[in-house]
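S.K.: Just passing along the structure, written as structure tokens.
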Amino acid sequence: MKTTLELHGAQTGNCFRAAIALEEAGLSYTPRIVDLSIGEHLRGEHLALNPAGKVPVLVEKEEGREPFILTQSNAIILHAAAKTPVRLLPGNERDRATAIERFFFFVTDVIAVSHAAFSLRASSAQEGQKILADRALATLETAERYVAQAEFMAGETFSAADIAAYTITRSMKSDLPWSKLPNLLAWFDRIEGRPAVKRGLEAFDRVPARIDPGKDKREEKAR
């Protein structure tokens, strides 16, 4: 039974993370651009997919079944990993556990803290914002040890941990003391050069489509 995937998103770190995962997993999908600048994420058609009004949203359609919807980038990564064994998580039990450990290190200890800092930028809590931003940066710097003796974040194979690590490192790139992080820099350059990563970063550049559930009906009437 044919399954189709749509990834609704925009040019944000969370959306890049989801798109890279689908690309690295080798899954066919259709990007759907959500224009945040004009509030498309707060319109009814998008809120029907994600009541929180956030991106990305993965919509999985299969004939004869209700669409399956995921609204968290990290859940999308793990869903892609489940669909394509060993492409995003190692097959060996212990190696897989390490990859999951490193994945959550970046998700909880770096990305979550960075997002919390970002949410305070527009508030009066500037001191708190700086404390959180500095903490996220300092924690990210410790990832140097993960790639000191290995090519990737969880060992010798690319994994979901590298996707989480790359997207947050990319967003903090200008603030990192790269001269002190030679291994992290070499790793970053390797990941950035991967074709699937490049395609994921371009996913919401190259597609003019917008979320428009009434489009098919209008086109049908026009025929």
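The values are calculated or read from the model by the stated rules, or taken from the named source; none is laboratory data. All figures in this text were calculated on a predicted structure; none of them were measured in a lab. Here the Cβ is made from the backbone with ideal geometry for all residues, glycine too, and neighbour counts use every protein chain on show.
S.K.: Determine whether Val34 is over 23 Å from Asp162 (Cα atoms) and touching a Leu at 6+ places or on another chain (Cβ under 9 Å). I'd like the intermediate steps shown before the answer.
M.R.: Numbers: over 23 Å from Asp162 (Cα atoms): yes; touching a Leu at 6+ places or on another chain (Cβ under 9 Å): no.
The answer is no for Val34.
S.K.: Please determine, by comparing only the residues of segment 162-181 that are loosely packed, with under 15 Cβ neighbours inside 10 Å and touching a residue at least 24 places away in the same chain (Cβ under 8 Å), which one is nearest to the chain's Cα centre (by Cα). Steps first, please.
M.R.: If we filter segment 162-181 for residues that are loosely packed, with under 15 Cβ neighbours inside 10 Å, which is where we start, we get 173-175, 177-180.
Those still in the list that are touching a residue at least 24 places away in the same chain (Cβ under 8 Å) too: 175, 177, 180.
Numbers: Asp175: 21, Pro177: 24, Lys180: 27 Å.
Going through the qualifying residues, I end up with Asp175.
S.K.: A further question on this structure: For a quick check of your reading: which strands (runs of 3 or more DSSP E) sit entirely within segment 20-81 and have at least 1 residues that are surrounded by fewer than 22 Cβ atoms within 10 Å (Cβ to Cβ) and either in contact (Cβ under 8 Å) with a residue 24 or more places away in the chain or assigned by TED's automatic domain parsing to the domain that holds Phe106 (or both)? Talk me through it step by step, then tell me what you get.
M.R.: Working: elements: 30-33, 57-62, 68-70.
Output list reads 30-33, 57-62.
S.K.: Kindly provide the set of residues from segment 83-99 that are more than 15 Å from the chain's Cα centre (by Cα) and either under 11 Å from Ala21 (Cβ atoms) or surrounded by 16 or more Cβ atoms within 10 Å (Cβ to Cβ) (or both), ordered by number. Full working, then the answer.
M.R.: Of the residues in segment 83-99, the ones more than 15 Å from the chain's Cα centre (by Cα) are 83-87, 89-99.
Matches in segment 83-99: Lys83, Thr84, Arg87, Leu89, Pro90, Asp95, Arg96, Thr98, Ala99.
S.K.: Give the residues of segment 101-153 that are small (Gly, Ala, Ser) and assigned to a helix (DSSP H, G or I), sorted by residue number. Break it down into steps so the answer makes sense when it comes.
M.R.: Keep residues of segment 101-153 that are small (Gly, Ala, Ser), which gives 112, 114, 116-117, 119, 122-125, 128, 133, 136, 138, 143, 148, 150.
Scanning segment 101-153 gives Ala112, Ser114, Ala116, Ala117, Ser119, Gly128, Ala133, Ala136, Ala138, Ala143.
S.K.: Here is a follow-up. Looking at segment 82-100 only, could you name the residues that are free of Cβ contacts under 8 Å to residues at least 12 places away in the same chain and assigned to a helix (DSSP H, G or I)?
M.R.: Across segment 82-100, the qualifying residues are Ala82, Glu93, Arg94, Arg96, Ala97.
S.K.: Which one of Ile100, Ile76, Ile131, Ile163 is in contact with an Asp or Glu (Cβ under 8 Å, 6 or more places away or on another chain) and of a type in the set (A, V, I, L, M)? Quick ask: steps written out before the conclusion?
M.R.: Numbers: Ile100 fails: in contact with an Asp or Glu (Cβ under 8 Å, 6 or more places away or on another chain); Ile76 fails: in contact with an Asp or Glu (Cβ under 8 Å, 6 or more places away or on another chain); Ile131 fails: in contact with an Asp or Glu (Cβ under 8 Å, 6 or more places away or on another chain).
Residue meeting the stated conditions: Ile163.
S.K.: Collect the residues in segment 182-203 that are more than 15 Å from the chain's Cα centre (by Cα) and charged (D, E, K, R), keeping them in residue-number order. Let's see the steps before the verdict.
M.R.: Keep residues of segment 182-203 that are more than 15 Å from the chain's Cα centre (by Cα), which gives 182-190, 193-195.
Selection gives Asp189, Arg190, Arg194.
S.K.: Sticking with this one: Out of (1) among the aliphatic types (A, V, I, L, M); (2) surrounded by fewer than 20 Cβ atoms within 10 Å (Cβ to Cβ); (3) farther than 16 Å from Glu101 by Cβ, what's the single condition that is false for Ala136?
M.R.: Tallying (1) among the aliphatic types (A, V, I, L, M); (2) surrounded by fewer than 20 Cβ atoms within 10 Å (Cβ to Cβ); (3) farther than 16 Å from Glu101 by Cβ, Ala136 fails exactly one: (2).
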